[in-house]
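Right, one structure below, let's go through it.
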Amino acid sequence: TIILLCFYFLLVGLIAYYFIHKLFGVFPRLIKEMDRRIVGDARSQIIIRKGDYLKEFIDRVNALVDKLPQ
């Protein structure tokens, strides 16, 4: 029973890590890209990994960046 319980917690932990990484893994990249735009390095679109959950948010940030004056 203890072995099954340990296996269960390991499985739940791996699944939770996968979904949390998909949800919050985009924020460090978003912050880095926004910092680049603040200093004027680039004006290209922010591209996220396939399968990240915040695609709609990133699309809105890209639209906002496009409207900023150069």
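Every number in this text was worked out from the coordinates using simple rules, so none of it is lab data. For clarity, every value in this text was computed on a predicted model and none was experimentally measured.
Assorted remarks:
- All aspartates and glutamates inside 17 Å of Lys55 as judged from Cα atoms, apart from same-chain residues fewer than 8 positions distant: Glu33, Asp66
- Candidate values [x] 39, 21, 21; [y] 31, 25, 17; [z] 64, 20, 13, label of the one derived for Cα extents along the principal axes in Å: [z]
- Estimated from helical segments only, the mean residue ellipticity of the chain at 222 nm is -23500 deg cm²/dmol, where each DSSP H run of four or more residues counts as -39500 (n - 2.57).
- Folded to 0 to 90 degrees: helix 2-24 orientation relative to the chain principal axis, Cα: 10
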